[in-house]
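The values are calculated or read from the model by the stated rules, or taken from the named source; none is laboratory data. All values derive from a computational prediction rather than experimental measurement. No Cβ is skipped: glycine too gets one built from the backbone with ideal geometry, and neighbour counts run over all protein chains shown.
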Amino acid sequence: MLNFKKALSSVIFFILSGVVSAHEIAPTSIAVYIQAQEYNHQIMLRNYSQDYWYRQGPMLETAAHDVLGADFTGVDMCDAQPADAKVVVWLRPRMFYNPQMQTFYGKVIAVTYTADGKPLANYVGEATKRAFFDVKTELTLSDVYHASMQAVSAKMKADGKFQAALNAPSFSSPCATVSVSPEPKIQFMSFQ
């Protein structure tokens, strides 16, 4: 019975150590940066007499993680402070609701840099979705952000310059270069 417990504990130890080491080995190719103001400042979408306030950062982060993580290997958010990366992608979201057309308009601007801070390229992904303002608004916003990120990701995959940067050597502390870049204006309304 004692040998069985030792064998079982050693098997569990090897499985867990394999999972931990596999997680540590995965290098980061793309570090995704989203400005802190996207998490701290809410924007307002307006439908005549109704307002909907929300933060763009968490929804965009989820969309970026889902889409870029599926299309590229080694995608990590700058909040996780990756040790090294080859490309830094700075995402800037925009959202607007047109009440007359009952349409959500989303745009994601991706400004890419090599990890040492040199500008690489800009990509714009836009998406629209017709939906009622007060029916599952958060789900509709999530769909628009995902569709915008898919458009950005498709442009990244088609760009040879971006693909070449993914094959370049990695740099340490990649997100430190983006944090010194100028901040865009705070978006008070939904139409900036």
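Here's the yes/no breakdown for (1) closer than 16 Å to V67 by Cβ; (2) at pLDDT 85 or above; (3) touching a Phe, Trp or Tyr at 6+ places or on another chain (Cβ under 8 Å):
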site: A158; (1), (2), (3): yes, yes, no
site: A176; (1), (2), (3): no, no, no
site: S181; (1), (2), (3): no, no, yes
site: K185; (1), (2), (3): no, no, no
(request) State which residue is nearest to Q56 (Cα to Cα) when the search covers only region 120-159 and only residues that are polar (S, T, N, Q) and in contact (Cβ under 8 Å) with a residue 60 or more places away in the chain. (result) S142
